[in-house]
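I have placed the structure first, in the form of structure tokens, so that the comments after it can refer back to it.
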Amino acid sequence: MREYCFRMRQRFGIVHLPRNFEPFGSISGYVDKHNLDFLAYTNADMEYVEGLDFYRGFHVIRDPRDITVSAYYSHLSTHGLYPEIAAHRKELQSLSKNEGLFAEIDFSATEFRELEIWDYNQPNVMELKMEVLTKDPENHISEILNFLGYLDNQNSSGSSIKTFQMKLNRLNMKGRRYMPGRLPMFPLPTRRYSEIPREVVGEVIDDFSFKKLSGGRKPGQENRKSHYRKGKAGDWANHFTEDHKSYFKDKFGDLLIMLGYEKDLNW
């Protein structure tokens, strides 16, 4: 979404935790202060989202068991060492993997609570599961952009010109994390847009594919030292023992049923 905003020359911002926006009073205060067109709020908490002014958005959830396994390896070594995880990383590094997964289930309790209290019936929010989204990203990302009002459904003669102008827009965003190709040595003309052509949708998705981000691996090819570890849904089944399953069912089994990942506790 950041890349789409860059190409449209729209103002993009991202917050991860309340400490990012609390100095501004609220999420709305953060948006107003930075004059944003689009805000990405990871680790979204309904408690803070409820206070937002009208907006249109999308919300992606993931199987909590996969969250646990992914977070275990991330918190163990590859995630940035933020204050919130420093003590937890030290604990994980002192434990076996078996013990560490139990610790990770407990550590993720707050995040699972946020999944539990989220309002999944907001008419202005499109709900998706990560497992579905990643199977057909171009189709689902197009649906998201269309829901947000960002998708250009017209195959006009000016589409190629618009696409080229968006490349210039992106090249002007110097120093912004992802930068395909060579940076320009001089300022390029920019133009603000409100919609993304369909050909740009696929181009950005390809730039952020698991294969490219992981350095050439296909989804399912694991590298535990990489933050892009495996890229495959359902990996929890390769790591949970029967004891982990029993512990997870006791604590969060009802959550899996509520989210539609299981029909009952017989898994």
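Values in this text are rule-based calculations from the coordinates and carry no lab data. Not measured: the values here are computed from a predicted model. We place every Cβ from the backbone using ideal geometry, glycine too, and count neighbours over all the protein chains shown.
Checking the Cα-Cα distances for Lys135/Lys218; Lys218/Lys263; Lys167/Lys212; Lys135/Lys162; Lys97/Lys212 against a 22 Å cut-off, the pairs over it are Lys218/Lys263; Lys135/Lys162; Lys97/Lys212. Largest first and in whole Å, the equivalent-ellipsoid semi-axes of segment 1-89 read 26, 16, 14, each the square root of five times a Cα gyration tensor eigenvalue.
Does segment 76-155 come out rounded, prolate or oblate by the C-alpha gyration tensor, with a ≥ b ≥ c the root eigenvalues, rounded set by a/c under 1.5 and, if not, prolate when a/b is larger than b/c and oblate if not? It is prolate, given that a/c is not under 1.5 and a/b is the larger ratio.
The modelled label-to-label distance between Met130 and Leu255, using points 7 Å beyond Cα along the C-beta direction, is 1.3 nm.
Residue exposure proxy: Ile196, Ile141, ordered by other Cβ atoms within 10 angstrom of their Cβ from fewest to most, comes out as Ile141, Ile196.
Taken over the chain, the convex hull of the Cα atoms encloses 153 Å³ per residue. Note on Lys90: aspartates and glutamates with a C-alpha under 19 Å away, same-chain residues under 8 apart excluded, are Glu99, Glu104, Asp106.
Karplus-based coupling profile of segment 129-134, in residue order and whole Hz: 9, 4, 4, 7, 4, 6, with θ = phi - 60° in 6.51 cos²θ - 1.76 cosθ + 1.60 and x standing for Gly or Pro.
Long hydrophobic helices in the chain: the complete DSSP H runs spanning 20 Å or more by Cα along their own axis with mean Kyte-Doolittle hydropathy of at least -1.0 are 242-259. Taking amide H positions as modeled 1.01 Å from N, with prolines and chain starts lacking one, the residues under 5 Å from Ile196 and 5 or more places away or on another chain are Leu151, Asp152.
Between Gly253, Gly215, Gly234, the Gaussian network model of the chain with springs among Cα atoms under 10 angstrom shows the greatest mean-square fluctuation at Gly215.
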